[in-house]
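Report on the structure given below.
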Amino acid sequence: MFKDLKQIVNLITINNDIKARISLLSGDTITVPDISEEFDKFSIQGNLIIDSLTPKRIKSITIQFNGNLHNTKDGSFENQKSSIIDNQLRLVSEPVDVSVGCSVFGFELALPNTLPSSINSKTLKLKYTLTAHIEFIDYSKLTKKHALTLNNNNLLPNRQLRELSYINNGKFPNLVDWEVEFPTRLYSPGDAINFRISLNFYLGVIINFIQVELVQIIKLHPRNLQRSLYGENLIYNTQTIAHTNLNAPKDSSVDKFGFNLPIPVKSMLAQTMKTEWFEVEHKILIRLGIQNYCNSAKVCNLWVPVGIAGKSNERAVKFELPKYSNLSNNSRFLWGRRELPPIYSN
């Protein structure tokens, strides 16, 4: 009982005397660099900043990077949770003293370049967290968590192809011949999807309306999130992200229509990607409300695959880095026990 009471007192003292925070050089958004044949990993660099009102002796510091996947129960989806990554870096393994004021521990953590982008959709959430575990010589502990957003455009299928212009055509027999033209099929949140559709109606056929939707389709393995999805039966969840309507034009001779569909920035929109745990697809659905000479109404659906990518993090490092030649064990800038300086990259 006395030991438990002592731990509680130490915890209260730690919370009052010392604070910690995590700061990444890239900010709170991690952008995975382009994949190359030479490297299958990338690194993130940052600082663990400790502010202390009294001198402290630290026994160990561990930096932990977690990625947790959670799909909620919705329709055919079951409520499941899974960890897709749990990497740890032992930043300090021998006792080290921190003086009154601010002490900074620099770190560099290697991560696989196949990590999926963060997701905050209605049915699927993928969140990343960076946690610092600090243990002091008196066995008291301090934990600091820092939420992160990760962007990885490398997992977007056919990315280069979708950057190009796109023209396709076809017909609904005895009703209408159609052609769609997209300047590009790759977009980011906040962009507008611009395209044109040309319609050539058969005799006696008229258009009543045109509806356009940006549809998000999430595919997930129904039983085990950690099982590979390639070639497996998947369950689907479909969600409309944005939509617009066009009623029948007064001039029935008009057969070319232009659309501008804004993509919301703050929404349940995820990036287009294909991973070993799940897939996210995006398609433009064009609904044609058609009426023929017999006054029989029909809705014809056109599907056009598109891609949603994350915006690159172009924030530059604007502060001066420490001079590694002047480091010591008791320096205010402690970089991993005299290891080689990290390589700073985007």
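Throughout, read-outs are computed from the coordinates displayed, never taken from laboratory work. No experiment lies behind these values; they were computed from the predicted model shown. Reconstructed Cβ throughout: ideal geometry from the backbone, glycine too, with neighbour counts over all protein chains shown.
Things to note:
- Residue pairs, from the table Lys81/Lys122; Lys81/Lys127; Lys19/Lys141; Lys41/Lys219, whose Cα atoms sit over 19 Å apart: Lys41/Lys219
- Per-residue ³J(HN,Hα) for the stretch 60-67, Karplus 6.51 cos²θ - 1.76 cosθ + 1.60, θ = phi - 60°, Hz, x for Gly and Pro: 7, 9, 10, 9, 10, 10, 10, x
- Peptides 129-137, 81-89, ordered by how many other C-beta atoms sit within 10 Å of their residues on average, highest first, read 129-137, 81-89.
- The local environment of Lys19, defined by Cβ-Cβ distances under 10 Å, has a net charge of 0 under the rule Lys, Arg +1 and Asp, Glu -1.
- Evaluated at q = 0.10, 0.14 Å⁻¹, the base-10 log of the normalised Debye intensity for the stretch 159-308, with identical point scatterers placed on the Cα atoms, takes the values -0.42, -0.76.
- Each Cα pair under 8 Å and six or more residues apart adds its separation to the average, and for the stretch 159-308 the resulting relative contact order is 28 percent.
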